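Peer 1: A single structure is presented below for examination.
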Amino acid sequence: MTAPRLLAFAAGLALVLGPARGQPPIARQHAALVHAVALSPDGKTLATAGFDNLVKLWSVGSDGTLKELKSLPGHTGPVYAVAFHPKENVLASASLDKTVRLWDLDDGKLAKELKGHTDIVDAVAFSPDGKTLASAGADKSVRLWDPAEGKELKNLGSHAGSVYTVAFSPDGKLLVSAGGGDKDQIKVWDVAAQKELKVLKGHDQPVTGVVFAGDPKTLVSVSMDRTIRVWDVAEGKETKKLGPTPDDPYAVAWSPKSKLLGVCGYSGLVSAWDPAEDKPRFTKAIKSPGYCVAFTADGKRLISGHDNGSVVVTPITGK
């Protein structure tokens, strides 16, 4: 866990909700906290990243039931991030061991190991065409890779602090990175030109998650300042601010099916938001701090990873 997250977790642990009735079912656990979850392009497989140094794969049933398929051992430190290739049966993972690993999911074996980062690799993401991989981490750098060749294409540059998250725009033309630092929490990069385009300013605490909400123009960010912000990337302007949230949100996801945002925070709250509304449509308390969130393919459930090593599937109820 990088320093700002560790401090926030320690400060907020006393506020973590006690046992709640009607908890969603808990899948088989990692032996340590679950820091990332990612759903395959066909929605049938879930990848989870654990601080037990393992990547795990799960089948996702039509009712949201998870069944463990296999573990992918190999990292020598906690695993911080996972991402599926959009077109091939390949998974990327990133770790405290300073590497990004590419896994061939047909045989479950390591295909390539990408080295270059000098500290924790916090985030990975594939471009929509799968030809470029982005990574970022505690060395403050954002890097582009050719996953087919396993070679670094470009170290784009640095943030003022650790970089926690990266996301490609749906058209693949832009990359957004975000993290700590006091003046450049969110940066927008031109992928083809391999250069910085602009900085989105507004948050006054580290940004822990970013996601494009359906189009290349609309970006959503979450931050330890307990706000959810919507941005017009083309204009470089904030268009809406939601919150304050009850806890520090650590992750955000977008469902193209339900047109909702999913948010997970350190107190264990998972919530679903319509970006046009000021309050969440749905909130559920899980009795363990949360670090990551994804939607099932139908947009009807949230999948979250928690400090106690659990992976929880939560049906979204209400309107």
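Peer 1: If we restrict to alpha carbons, what Rg and Dmax does region 83-205 come to, in Å?
Peer 2: 13.8, 45
Peer 1: Once the other residues with Cβ under 15 Å from the Cβ of GLU152 are scored (Lys, Arg +1; Asp, Glu -1), what is the net sum?
Peer 2: Here the count lands on +4.
Peer 1: Next question, about the same structure. Taking the Cβ of GLU238 as the centre, find all other residues whose Cβ is under 14 Å away and add up their charges (Lys, Arg: +1; Asp, Glu: -1).
Peer 2: +3
Peer 1: Whats the longest run of the chain with zero GluC sites (Glu not before Pro) that are DSSP loop and have at most 15 other Cβ atoms within 10 Å?
Peer 2: Here the longest segment lacking exposed loop sites spans 1-148.
Peer 1: Per residue, how many Å² of accessible area does the chain show with a 1.4 Å probe?
Peer 2: I get 40 Å² per residue for this part.
Peer 1: Dividing the convex hull volume of the Cα atoms of the chain by its residue count, what figure in Å³ per residue is obtained?
Peer 2: Normalising the Cα hull of the chain by residue number yields 113 Å³.
Peer 1: Among THR227, THR218, THR165, which one shows the biggest mean-square fluctuation in a GNM of the chain, springs joining Cα atoms closer than 10 Å?
Peer 2: Maximum fluctuation in the GNM of the chain, among the listed residues, is at THR218.
Peer 1: Which entries of LYS259/LYS284; LYS198/LYS241; LYS173/LYS284; LYS56/LYS109; LYS44/LYS300 have Cα-Cα distances beyond 24 Å here?
Peer 2: As for pairs spanning more than 24 Å Cα to Cα, those are LYS173/LYS284.
Peer 1: Whenever you get a sec, compute what percent of the accessible area on the chain sits on carbon and sulfur atoms (1.4 Å probe).
Peer 2: Heavy-atom surface of the chain belonging to carbon and sulfur, 1.4 Å probe: 50 percent.
Peer 1: Something else about it: Which sequence of LYS70, LYS195 reflects their accessible areas, 1.4 Å probe, from the largest down?
Peer 2: Listed by decreasing accessible area, they come as LYS195, LYS70.
Peer 1: Which number do you get for Rg(Cα) / (2.2 N^0.38 Å) in region 196-319?
Peer 2: Cα-based Rg divided by the globular estimate yields 1.00.
Peer 1: Let me ask something else about it. Show that you can apply the helix-only estimate: for the chain, add -39,500 (n - 2.57) for every DSSP H stretch of four or more residues, divide by all residues, and state [θ] at 222 nm to the nearest 500.
Peer 2: Value at 222 nm, helices only, nearest 500: -1000 deg cm²/dmol.
The values are calculated or read from the model by the stated rules, or taken from the named source; none is laboratory data. Note that the coordinates shown come from a computational prediction; the quantities given were computed from them, not determined experimentally. Virtual Cβ from ideal backbone geometry, glycine too; neighbours counted across all protein chains shown. For accessibility, only protein heavy atoms count, side chains too; no ligands or nucleic acids. Shrake-Rupley method; radii C 1.70, N 1.55, O 1.52, S 1.80 Å.
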